[in-house]
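Structure first, then comments.
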Amino acid sequence: FASILTAKELPKLENAGWAYRLPAPGVIRVRDRIKTVSPLPGLLIECNNGNSWVSVYDCSTQEGGTIHFRTTNPSRNRAGRTVELTAAQQ
């Protein structure tokens, strides 16, 4: 159901001009790694460490900094709520 929602139904809503919200990603720090999970398959996760939004795979983690994460649709024209991971949580 979730993959059909992301692949077929959300693009239909987008094309019809409907406003909809994307869920925020799950983010957790485990030892020296940051793990993320998308609530819906097919949504992309991006991070911003102060410069610009990039794919989570291209994100660099700096000690003591705050990193912001969000989900986007595959066409990257809609983004979900931002979740931040601060130095205290790292």
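Which numbered condition in (1) in contact with a helix residue (DSSP H, G or I) (Cβ under 9 Å, 6 or more places away or on another chain); (2) in a loop (DSSP other than H, G, I, E, B); (3) of a type outside the set (Val, Ile, Thr) is the only one that ARG81 fails? Result: ARG81 fails condition (1) only. The residues listed here are ASP32, ASP58; of these, the one that is over 14 Å from the mean Cα position of the chain (by Cα) and free of Cβ contacts under 8 Å to residues at least 12 places away in the same chain is ASP32.
Is it the case, given these coordinates, that PRO25 is touching a residue at least 40 places away in the same chain (Cβ under 8 Å) and within 17 Å of the chain's Cα centre (by Cα)? So that I can check it myself, show each step before the final result.
Numbers: touching a residue at least 40 places away in the same chain (Cβ under 8 Å): yes; within 17 Å of the chain's Cα centre (by Cα): yes.
Here the answer is yes, as PRO25 does meet what is asked.
Could you identify the single residue in THR71, THR6 that is polar (S, T, N, Q) and assigned to a helix (DSSP H, G or I)?
Details: THR71 fails: assigned to a helix (DSSP H, G or I).
One residue alone meets the criteria, THR6.
When residues in segment 22-34 are screened for being surrounded by 10 or more Cβ atoms within 10 Å (Cβ to Cβ) and basic (Lys, Arg), 1 of them pass. PRO39 meets each of the listed conditions (1) modelled with pLDDT under 90; (2) part of a loop (DSSP other than H, G, I, E, B) apart from (1).
The values are calculated or read from the model by the stated rules, or taken from the named source; none is laboratory data. Everything quoted here is computed from the prediction, not taken from an experiment. Cβ coordinates were reconstructed from backbone atoms using ideal geometry, including for glycine residues, and neighbour counts include every protein chain displayed.
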